[in-house]
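S.K.: Below is a structure I'd like to ask you about.
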Amino acid sequence: MYGHMSVAAGLMPPSYPQFYARGEGAHTWDVDGNRYVDFLCAFGPMLLGHRHPGVEAAAARQAAEGDTLSGPSARMVELAELLTDTVAHADWAMMAKNGTDATAMAVRVARAATGKRKLLKAAVAYHGANDWFTPKPAGVSVEDRANIVEFEYNDAASLSAAVSAHHGDIAAIILTPFRHDAFVEQELVDPAFARLARDLATEQGAALVLDEVRTGFRLDVHGAWEGIGVRPDLTAFSKALANGHAIAALVGTDPLRSAAADVYVTGSFWYSAVPMAAAIATVQEAVALDVPEVLRLAGERFRDGLEEQGRQVGLTVRLTGPPQMPILGFADDPDKALAFAFTDAAVRRGVLLHPWHNMFLSAAHTPEVIDAALEATHEAFAELRG
C-alpha cells in the first residue's frame, strides 16, 4: 500500500503526506497535524468512515472477551451465516486475512474442484500479490505463471479465443466487476460480456470467480453483478468487509463446497475474533443503510462538482467508473502531469485525492463534507490555471 503513496518513488506529487496519525469519519490527519478530506479511504477498507462508532464498539466488545484464541469464536459462524444470507450466490464462506488470500483460495478451490490447470484473467488486471497475479516479475519464475492465460476485458472475441485455445483445461475465469486498472480510465462491464463469461465457464465446467476485493459492498450488497443478472461461482472479499479491520472472505456455491473443504489453506491470525465482530457490524450496517446508494449519491455529487469546476477553467476533467469509487483523469494528459499538479494543489488545501488510482467514497462523505471538499478543489483549479 505504501507504494501507492510514495513521493520518493515519484508515484505521488511532492506535497503528499507519507505518514498518518489518525482518522475520523471522512477525515484523516497526518503526523504533522494537517487534516484532509479523505477520498482514498485507506485504498478501500473504510466503507462507513474511519472509526465508525458501531463497528468499533462491536470490536471492543469482542476484544474484551478475546481475539486470537486457540480456535475460532462463535463470531466465525455468525459472520459466515451473515455472508451467506447477504450475498446472493453464497452457500458457504471461508475466512482469511487479505485480498490476496481470498483470490488465491478461489484459484485453489477451482483447481481442486475441476482437476484442471488454466486460470484465465484479463490483461493487466490485478488480483493480488502472489506469484500468480503480481504485476512485478522480480522473484517469480516462468513456471509459476505458466498456467495463466490473459484476454482483454470486455472483449468477447478475445475471451472466446482464450477459452477455445485451452478447451478442456480451464479451472477458472477470474474477473473484477468492472475494469479498474491503474493509470487508465475505468470501464464498466458490458453485461453481454459478463453473460458470456458466465456461459463459457459453465460450458467448460470451470468456476467463474468475481474479485470483489475492491468493490465488495460498494456496488451492491448482494453481489456486484446482481443488477445484470450474472452470478459467479466464487467471490473474493476483503478491504471494506470489516471497515478497516483486517479480514477477508471467500464465498461460493454448493457444487464447490467439497473442494473448499479439501484444500489446505490457513494462517495464524485468520480466525481472530475481533475482525469478525467488526465485519458483522459492518455488513449489517451496509445492508441497513443501503450503503451502495448512499455512496452513489455522494460520488455523483463529487464527480459533477469536479467536472463543472474543470469546465470553468477550460479543462476537461473526467471521473470514470462507478461514482462510489471513481478514477480522476484529464483530457490530453498522457503523462498525468495535470493530474499530479491538480492533486498536489488539492492536498495542500486539505483534500486527499489520487492522480492515477481509483479513489473511494464512504458513508461518512455527507453532502456537507463533499461541498467543503469542492470549495477546496475550486481553489486548486484556480491555482492550476493561474
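Computed from the coordinates by the stated procedures, all read-outs in this text should not be read as laboratory data. Keep in mind that what you see is a predicted model, and the values were worked out from it rather than measured. Don't worry about glycine lacking a Cβ; one is built from the backbone with ideal geometry, like all the others, and counts go over all protein chains shown.
S.K.: How big, in percent, is the set of alpha carbon pairs in the stretch 321-386 lying more than 14 Å apart?
M.R.: Cα-Cα pairs in the stretch 321-386 separated by more than 14 Å: 61 percent.
S.K.: How large is ³J(HN,Hα) for each residue in the stretch 85-93, as worked out from phi by the Karplus curve 6.51 cos²θ - 1.76 cosθ + 1.60 (θ = phi - 60°), to whole Hz, x for Gly and Pro?
M.R.: 6, 9, 7, 4, 9, 7, 10, 8, 9
S.K.: On to the next question. Which value in nm describes the separation of the simple spin-label points at ALA146 and ALA165, placed 7 Å from the Cα toward the beta carbon?
M.R.: Roughly 1.7 nm, to one decimal.
S.K.: Here's a follow-up. Taking just the alpha carbons, could you work out the radius of gyration and Dmax for the stretch 13-150, both in angstroms?
M.R.: 19.6, 55
S.K.: Further question: So what is the calculated 222 nm ellipticity per residue for the chain, using -39500 (n - 2.57) for each DSSP H run with n of 4 or more, over all residues, to the nearest 500 deg cm²/dmol?
M.R.: My calculation for the chain gives -12000 deg cm²/dmol from helical runs alone.
S.K.: Shifting gears a bit: Which whole-Hz ³J(HN,Hα) couplings does the stretch 234-240 yield from phi under the Karplus relation 6.51 cos²θ - 1.76 cosθ + 1.60, θ = phi - 60°, glycine and proline marked x?
M.R.: Coupling constants for the stretch 234-240: 9, 9, 9, 10, 6, 5, 7 Hz.
S.K.: Additional query: In terms of modelled amide H atoms, which long-range or inter-chain residues lie less than 5 Å from the amide H of VAL149?
M.R.: Placed amide hydrogens put LEU119, LEU120, LYS121 under 5 Å from VAL149.
S.K.: Still on this structure, I have one more. Around HIS27, which amide H atoms from residues at least 5 apart in sequence, or from another chain, sit under 5 Å from its own amide H, with H modelled in the peptide plane?
M.R.: Under 5 Å from the amide H of HIS27: ASP38, HIS50.
S.K.: May I pose another question? Can you pull the Rg over Rh of the stretch 53-289, Cα-only, Kirkwood?
M.R.: Values: Rg = 17.5 Å, Rh = 18.1 Å.
With Rg and the Kirkwood Rh in hand, the quotient comes to 0.97.
S.K.: Residue farthest toward the positive end of the dipole of the stretch 53-289, with Cβ of Lys/Arg at +1 and Asp/Glu at -1: which of THR134, HIS180, PRO275?
M.R.: Farthest towards the positive pole: THR134.
S.K.: Under a plain spin-label model, where a point goes 7 Å from the Cα along Cα-to-Cβ, how far apart in nm are ARG385 and GLU293?
M.R.: So the two model labels end up 3.7 nm from each other.
S.K.: Further question: Convert each backbone phi in the stretch 344-350 into a coupling constant with the Karplus relation 6.51 cos²θ - 1.76 cosθ + 1.60 (shift: θ = phi - 60°), then list the ³J(HN,Hα) values in order as whole Hz, x for Gly and Pro.
M.R.: Values per residue, Gly and Pro as x: 5, 5, 5, 5, 5, 9, x Hz.
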